[in-house]
Amino acid sequence: MAVTETRIVTNRLREFTEDSWTIDRYLATGGYDMLRQALTMQPVQIQDEQVKASGLRGRGGAGFGTGQKWSFLPKGIYPRYLAVNGDEGEPSTFKDHMLIERDPHQIIEGVVISAFAIEAHIAFIYVRGEFALGIERLEQAVADAYAKGFIGKNILGSGFDLEVVVHRGAGAYIAGDETGLLSSLEGERAMPRIKPPFPAVQGLYAKPTVVNNVETMSTVPHILRMGGEEYAKLGVGRSTGTRIFSVSGHVARPGNYEVELGITFRQLIDELAGGVRGGKQMKFFIPGGASAPWLMPEHLDAPLDMDYVGSELKTMLGSGAIMVFDEDTNPALIAWRLLKFFAHESCGKCTPCREGSMWLEKVLFRISHGLGRPQDLDMMLSFGSTIVPGLNAPFSQTTICAMGPSTMSAVVSLDRFFREEILEMCNAGAARPTIPVTSA
Amino acid sequence: MTDVNDVPKVERPPGVPMSQWPSAYEYVLPTGAPGTVTLTIDGREVKAQTGDLLIKVAQDHGTYIPRFCYHERMKPVGMCRMCLVEVEGMRGMQISCATVVADGMVVHTQSDAARQAQDGVLELLLINHPLDCPVCDRGGECPLQDTTLAFGPGESRFVEEKRHWEKPIPISELVLLDRERCIQCGRCTRFADEIAGDALIAFGSRGAHTEVITFPGDPFTSYFSGNTVQICPVGALTATPYRFRARPWDLSAVETSCTTCSVHCRGALESSSNRLVRLLGVDSEPVNHGWLCDKGRFGYEVVHSEDRVRHPMVRKNGELVECSWPEALDVAAEGLKRALELNGPKSVALLGGARGTNEDAYVWARFAKGVVGTDNVDAQLGDGIPAEVALGLPEATIADLDRAAAIVVVGLDLKEEVPVLYLRVKRAAEELGVPLIELAPRDQGLTRYASTSIRSLPGEQGETARRLADALGGARGTDAGADAAAALLEGRAGDIVVVLGRGDLAESAASTVRAATELARLPQARFIVALRRGNVRGAMDLGLAPGFLPGRVTLDAGREWFGHAWGSVPATVGLDAEGILRAAEQGRIHALMLLGTDPHDDCPDHALAEGALNAAGFTIAIDAFVTDSTKRADVFLPVTMWGEKAGSVTNLEGRVQRVGQKVSPDGTAMPDWRIAAELALRLGVDFDLEQPEEVQDEIARVAPAYTGIDSTLLRRARDGAVAPVADHRDELVLGPVSIPLTDARWEPIRPGLDAVELEDAKTANDEADALRADRLTSVAQSAGAPPAPALHRFTGGVTDTAPPARDAYALRLVTGRTLYDGGITVAASDSLSELVADPVLLISPQDRDRIGVEDGAEVRVTSARGSLTLAVRADAAIGTGTAYLPFNLPGSGVSDLVDLSTAVTDLRVESLS
Ligand SMILES: Cc1cc2nc3c(=O)[nH]c(=O)nc-3n(C[C@H](O)[C@H](O)[C@H](O)COP(=O)(O)O)c2cc1C
Ligand code: SF4
Ligand code: SF4
Ligand code: FES
């Protein structure tokens, strides 16, 4: 049976492509009804009976239980803040971009409900600076929501106050990490901070803070609409509901697809995204953004299940971005290109990430340009285990944030699936006498 | 962690308006309840306090975990990842610099995984490091070298090209940055931000290209920049004064105290080939936490100035010409004798003494008061606080600031005058949450950390202090500012520590005295008298003040005791500096001794000083430099300077610490005290003092406040001793008894970057008690001694006169000290003299507009005393109706405007365009 999308979060923007981002369209399609309903409930009810019961897990990458994260806020300490992560920097991920541009009110409604649930009176929406149109629409939406009384003082007569601030990022991948984002919001350089203290305990301005992804926020109103338990019936196992997958690379129909969790990679890639373009074979694919270890065609029948992908396939669904590569691809070149990104975007704080990513990039440049040495792959694995001790999935790390281990995903994948091919390239390269300067 | 199931029905907190978003915030690592925990480190069971960091606990118990970014005096940042260890039950590796110890924790710092991580991190750190150790200042004392040797790989596998940067770039006049050597530990940037409050350096760029940067057009002009050079774990930051001057293995060091200002930060003074080349901060908990200011750090250059006087001189045919010591001393003694014979002891005066050691001060006081018989002696120059007040207020220590109920700063700009005390007050206010109440005529260094700032016009300080004291004492409702300050103390127990100084030298000292009198009414008030000049406190303590004898006793109270000890003391109380200068101006001073002092530059009233110096009779200069004052001397007796002599000094909290000798002087200069002893001999009294230790022992025997602070105690006391030691014995930390008496040095210290700790130092109350009892009995038992006199107490009662009304066109002058001033330390140091700013008259923007001048324009400034032409600039830090001009800045000429006999100085400022 052919699989179809399950459009919950993307329904409005797919239905009303002309004006899905306007307040009129939003109100005309039931917008802010869930906010009205939420304001009649107790915050703890929303946390427990709705969000926690729905099994919602963060859509930003780490997949942490949203209700559980909220419950970590220490009791009795105010103010608390809600920070919404719209930095979307993970290469090949483009779902939040779409949600911000095309359904900003849905985010805002989720934000107000969530802020109410966690008793925050100020929420920040941190948006990637490059999203010019998105920011324009989001700011308009916030202004409209203020004007209609969905944000501001005494929202809809409930006595609940909330200020929403749209913050434009200044273009660093690491500002997407939750503590990097908080530093950036405070006006500092976006550098992740050591944990503990965790943001839930000491986040923004050292106050308890929840950081949630844009898609996570966009899902919240729907959980209320469907009821937490009903929402939890969608999906598979602990991966409940739907997720938006950004499929890119050598496929016939790249794009965002919202599907119920539990369908297979093959269904998503072949049926929805049209399979590898030009009738070619797939060589490998990356299942969860640039940070995720790679998978091979033989893994296509695995389900889109965060736990299964982690424990059985030693990788992750991450930010929900799937990159597909056809048979003509040189995997070393892909690895080099990914490392060029990481080497450029490492915030420079942790030695293993800062220096390791640069070293990996330089070695991969040589290998991918026919200048590798036979010992290079093993050498990378060896110094790379300073970044990821043991190199076993799930990756452990010696760095502050998860970017450190991300730098090793490609190298570990080369070793796992393309060792022979790489060694062959390196042996050929060994004939060359000198080692040239790399490009970075 | 909160369990979601027991979240109670919550009260909705009131809405938080944006205006109340927190602006000051601080991240703290979670700590458990206070108490002791037991953990296992590499198989050894150790006990620690809850909340302690693993890296520190391990170190205290003998396990050194390698580190680069961690610094004991700063918050952990977790950047370098060098300190990774394994903790059982915790996933992955943990950084020990940010891991708080917990009961039952089992830690492995040497397991295979830990060693692999150490090895790996070092290999990574070195891939981009230039390894130009042979030409690096740090080579030989470099934590990166040492750590690599101890924990790192033998060889690198990196064959690619390293990162390149332009080598080195200046980030300020004093500091150079070599970005190739930088290992991005963030110690420098954190120091600048967290400790100094001058966030002028930060990280720029990303990845392996992450670099320390300054902001465009904004160099790293922090007064504390040298500390970053010291704590940089590689040679990325170098200081221009030291760069390429020495190799670490050629250096030898002595522990000492910096006497550039009266804080007396602890330091390690290093030399190579008999030249001082470096002063490093040493961590002393009660004093400086390891920090130095740049003036103190680089001021040693003055010692080797070309302009030093190397041999004695006498005036012949109107010129000062070199001569032998016996000749110079004979001439000096003859001059004194003549004055005494013709006009008696009252015609003799001694000014100065604040730049020397306690031994210098004591022997000179004994000479002046016990031999010459004059009480016309003053270490200050009308620019300080009278000894009755300074020596008699209930005292607080620097460390008391940390636990005060509140800190009240009266007058002075701590950042400019006593910079490392500024750091301590800033820390207390910012980090420890001690309310800081500032009472000053303008916005200054501490203003941004003050909980409340009370502005007072010159002349009104006493009145303002009265209202504050009333409010703090419970009588509220008359002054809103004072009430707000008093409200800060609600619920806080403990002392109110008042830091008292002279913020405005154009305002008479009576104003400060009145402020002290008012605040001293509060039973919980204790004072730190912050007079800036090097050892001014030691000088006053040891008798270089009119009406006082050594050990904080008045002339009257100590007459019998010192009569017994010395033979005789002056009959009546003598003149203070202002009185001496006036008497000299009127021709009543027939012999004047200038003991390392320069009234011409340092007296706020230039006309008075000039008149006095010209009219004074026989003048003896005991100095290291020919200055505008000492150039008039009849005899010039050259002295050794700091670094060239051993001894002790007393800082502004009354802590007596040692200064060390590191080099011997060029030429034949002598320690000041020895010159006094030589003169005494020529006047017929043999002091029988040969070594500074003997002077210390005599001080401990005869100066009541210094009872027990003898050479043995000074040698053993890790942090010196606060006088009187009987009141502060809890603070004594004594080193091993076994140090031989003949060992003139303190325990050898290893020059390095971190705190230097004495391994076997321990607090020994009982030992201190025994010591004290010992000394007291030995004093009491000395044959025929009268009962020891009581220490002086200030009982207040001094009043100031209300300042005259200011007419609407006049601006009231405020003149305070700046760090880089016209003093000899700055002028004679090549590196520091570059940093002196041009004098500019600062006025409020309102007054500028009223006068109708542009910033930078020249104006004529006229007081009742004189007139000057200066550039003017508006500054919002200056209150309307006042004008600020730095004191003793070359070219500022401010002392031409001031008359010491008036309460305030009013100025007329006219546009010249
Ligand atoms: C290097 C790095 C980059 C990240 N970038 C993003 C991002 O762009 N957007 C995002 O939502 N989460 C990003 N994350 C994940 C966040 O740290 C955080 O887990 C997430 O925002 C939490 O929201 P969620 O629980 O709703 O997923 C990133 C994490 C890392 C380590
Ligand atoms: S792991 Fe990399 S990106 Fe993350 S904090 Fe450390 S240096 Fe920065
Ligand atoms: S310059 Fe020195 S102190 Fe500053 S970050 Fe670099 S290595 Fe650390
Ligand atoms: S010392 Fe712990 S991370 Fe640097």
Among the residues of segment B:223-243, what is the count of those that are assigned to a loop (DSSP other than H, G, I, E, B) and within 20 Å of B:S305 (Cβ to Cβ)? 4
Hey, among the residues in segment B:191-234 that are within 16 Å of ligand 2 (Cβ to nearest atom) and at positive phi, which one's farthest from the other protein chains (Cβ to nearest Cβ)? B:S205
Select from segment B:83-93 the residues that are more than 20 Å from B:E194 (Cβ to Cβ) and more than 7 Å from chain A (Cβ to nearest Cβ) and list them in ascending order. B:V85, B:E86, B:V87, B:E88, B:G89, B:M90
The residue from B:V377, B:V425, B:V434, B:V418 that alone is of a type outside the set (F, W, Y) and assigned by TED's automatic domain parsing to the domain that holds B:P546 is B:V377
Residues (within 14 Å of ligand 1 (Cβ to nearest atom), among the polar types (S, T, N, Q) and in a helix (DSSP H, G or I)) located in segment A:327-364: A:S357
Looking at (1) farther than 23 Å from A:A200 by Cβ; (2) out of contact with any His (no Cβ under 6 Å at 6 or more places or on another chain), which is the only condition A:A123 fails? (1)
Specify the residue that is farthest from ligand 1 (Cβ to nearest atom); the eligible residues are those in segment B:45-63 that are in contact with a Pro (Cβ under 9 Å, 6 or more places away or on another chain) and assigned to a strand (DSSP E or B). B:Q49
Within segment B:319-401, helices (runs of 4 or more DSSP H) holding 3 or more residues that are surrounded by fewer than 23 Cβ atoms within 10 Å (Cβ to Cβ) and touching a Leu at 6+ places or on another chain (Cβ under 8 Å): B:325-343
Report yes if B:R243 is without any contact (Cβ under 8 Å) to a residue 12 or more places away in the chain, among the charged types (D, E, K, R) and farther than 25 Å from B:K426 by Cα, otherwise no. no
Helices (runs of 4 or more DSSP H) wholly inside segment B:816-896 that include at least 3 residues being closer than 28 Å to B:Y223 by Cα and not β-branched (V, I, T): B:830-833
Which numbered condition B:L549 fails, given (1) farther than 30 Å from B:P394 by Cβ; (2) surrounded by 24 or more Cβ atoms within 10 Å (Cβ to Cβ); (3) not aromatic (F, W, Y): (1)
Kindly evaluate A:E215 against the criterion of being away from chain B (no Cβ under 14 Å), under 30 Å from A:K349 (Cβ atoms), acidic (D, E) and touching a helix residue (DSSP H, G or I) at 6+ places or on another chain (Cβ under 9 Å). yes
Report those helices (runs of 4 or more DSSP H) wholly inside segment A:7-108 carrying at least 3 residues which are of a type in the set (S, T, Y) and either modelled with pLDDT of 95 or more or away from ligand 4 (no atom under 16 Å from the Cβ) (or both). none
Residue list for segment A:320-371, restricted to those being facing chain B (nearest Cβ under 7 Å), under 20 Å from the mean Cα position of the chain (by Cα) and more than 16 Å from ligand 3 (Cβ to nearest atom): A:A343, A:H344, A:E345
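Listed here are the residues, each with its yes/no results for (1) touching a residue at least 12 places away in the same chain (Cβ under 8 Å); (2) small (G, A, S); (3) over 21 Å from B:P419 (Cβ atoms).
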residue: B:A810; (1), (2), (3): yes, yes, yes
residue: B:T815; (1), (2), (3): yes, no, no
residue: B:D821; (1), (2), (3): yes, no, no
residue: B:A837; (1), (2), (3): yes, yes, no
residue: B:R848; (1), (2), (3): yes, no, yes
residue: B:V859; (1), (2), (3): yes, no, yes
Considering only helices (runs of 4 or more DSSP H) wholly within segment B:681-783, the ones with at least 1 residues that are modelled with pLDDT under 50 are B:765-781
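Name the strands (runs of 3 or more DSSP E) wholly within segment B:64-176 that hold at least 3 residues that are more than 16 Å from ligand 1 (Cβ to nearest atom) and buried (at least 17 other Cβ atoms within 10 Å of the Cβ)? Steps first, answer last, please.
Details: elements: B:84-87, B:93-95, B:106-108.
Hits in segment B:64-176: B:84-87, B:93-95.
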Test set (1) more than 16 Å from ligand 4 (Cβ to nearest atom); (2) under 25 Å from B:R190 (Cα atoms) - A:G404 fails condition number: (1)
Cβ-Cβ under 8 Å, sequence separation 6+ or interchain: first residue in segment B:313-325 and touching a residue at least 40 places away in the same chain (Cβ under 8 Å), partner among the basic types (K, R). Which pairs? B:L320/B:K631
crowded, with 22+ Cβ neighbours inside 10 Å and in contact with a Gly (Cβ under 8 Å, 6 or more places away or on another chain), is that true of A:A321? yes
Yes or no: B:L613 part of a helix (DSSP H, G or I) and of a type outside the set (G, A, S)? yes
Quick test for you: out of A:E163, A:E136, pick the one residue that is assigned to a strand (DSSP E or B) and either of a type outside the set (S, T, Y) or surrounded by 20 or more Cβ atoms within 10 Å (Cβ to Cβ) (or both). A:E163
Is it the case that some residue within segment B:158-168 is closer than 29 Å to A:R193 by Cβ and more than 16 Å from ligand 4 (Cβ to nearest atom)? yes
Of everything in segment B:176-209, what is more than 20 Å from B:E166 (Cα to Cα), within 12 Å of ligand 3 (Cβ to nearest atom) and touching a Leu at 6+ places or on another chain (Cβ under 8 Å)? Give them in sequence order. B:A192
Please go through segment A:395-414 and pick out each residue that is within 14 Å of ligand 1 (Cβ to nearest atom) and closer than 24 Å to A:H299 by Cα. A:F395, A:P405, A:S406, A:T407, A:M408, A:S409
Of the residues in segment B:170-208 that are within 27 Å of B:D830 (Cβ to Cβ) and not hydrophobic (A, V, I, L, M, F, W, C), the one that is nearest to ligand 4 (Cβ to nearest atom) is B:R181
Give the residues of segment A:144-189 that are closer than 20 Å to A:F341 by Cβ and either facing chain B (nearest Cβ under 10 Å) or touching a helix residue (DSSP H, G or I) at 6+ places or on another chain (Cβ under 9 Å) (or both), sorted by residue number. A:G169, A:A170, A:A172, A:Y173, A:I174, A:A175, A:D177, A:G180, A:L181, A:S184, A:R189
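The values are calculated or read from the model by the stated rules, or taken from the named source; none is laboratory data. From a predicted model like this one, the values you see are computed outputs, not experimental measurements. FYI the Cβ positions are ideal-geometry reconstructions off the backbone, even for glycines, and counts take in every protein chain you see.
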